[in-house]
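Trainee: Got a structure here, written out as structure tokens. Questions coming.
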Amino acid sequence: MGDEILVNEQIDAGADFVRDFDDSFPVSVAVWIVPADSDNLYLYIASDRIDDRNVHDAYGEVLRRLSGRRNSSLDPFKVKLINTSDPIARGAIQIRDRYPAKLPMRTHVSSIGGMGIDGACIYPPLSEMKSAP
């Protein structure tokens with residue numbers, strides 16, 4: 001997955017954050033992605049409630065919820081917020097729903113939503129994550 005490797009601590013920190021963020025912006029899908037043209041990992045979070053009118057407020061919520069957390073496994077500047085209608089969100093949902101799992105699933109598809117990628121890790125639906133310990 002590029003030079004930056006996704007480790008379990010990041011996956012766990014992402015899951016905790018997604019569950020928390022869902023209280024303010026209900027999450028449709030969350031996925032770690034390494035774009036093909038980058039060596040960086042990004043946590044894409046999609047919600048029907050995120051759009052051009054409130055994306056700045058949503059990023060403010062990311063900063064608010066991550067500030068004060070002792071866990072440094074999740075950099076707020078690695079979080080990308082998108083609407084559920086975004087092709088990346090739709091592609092991640094399609095993969096997640098085709099291969100249902102109760103744990104985050106690594107996938108080695110070459111693209112999601114038309115974006116070339118070097119790898120991804122898709123979280124299960126929030127209903128599954130909320131029941132996880």
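The values are calculated or read from the model by the stated rules, or taken from the named source; none is laboratory data. All values derive from a computational prediction rather than experimental measurement. Don't worry about glycine lacking a Cβ; one is built from the backbone with ideal geometry, like all the others, and counts go over all protein chains shown. SASA here: full protein model, heavy atoms, side chains in, ligands and nucleic acids out. Shrake-Rupley method; radii C 1.70, N 1.55, O 1.52, S 1.80 Å.
Trainee: In the stretch 51-74, is there at least one residue being open to solvent by 20 Å² or more (accessible area, probe 1.4 Å), assigned to a strand (DSSP E or B), touching a Leu at 6+ places or on another chain (Cβ under 8 Å) and of a type outside the set (Asp, Glu)?
Mentor: No; the residues of the stretch 51-74 include none that is open to solvent by 20 Å² or more (accessible area, probe 1.4 Å), assigned to a strand (DSSP E or B), touching a Leu at 6+ places or on another chain (Cβ under 8 Å) and of a type outside the set (Asp, Glu).
Trainee: Which count do you get for residues in the stretch 31-90 that are aromatic (Phe, Trp, Tyr) and in contact (Cβ under 8 Å) with a residue 24 or more places away in the chain?
Mentor: 3
Trainee: Continuing with the same structure: Quick one: count up the residues across the stretch 95-110 that are loosely packed, with under 14 Cβ neighbours inside 10 Å, out of contact with any helix residue (DSSP H, G or I) (no Cβ under 7 Å at 6 or more places or on another chain) and not charged (D, E, K, R).
Mentor: 6
Condition check ((1) more than 15 Å from LEU6 (Cβ to Cβ); (2) modelled with pLDDT of 95 or more) across all residues:
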site: ILE33; (1), (2): no, yes
site: SER38; (1), (2): no, no
site: LEU41; (1), (2): no, no
site: SER47; (1), (2): yes, yes
site: ARG53; (1), (2): yes, yes
site: SER67; (1), (2): yes, no
site: ARG70; (1), (2): yes, no
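Trainee: Quick test of your reading of the structure: ALA101 fulfils all but one of (1) touching a residue at least 12 places away in the same chain (Cβ under 8 Å); (2) assigned to a loop (DSSP other than H, G, I, E, B); (3) over 12 Å from TYR123 (Cβ atoms). Name the failing condition by number.
Mentor: All conditions are met except number (3).
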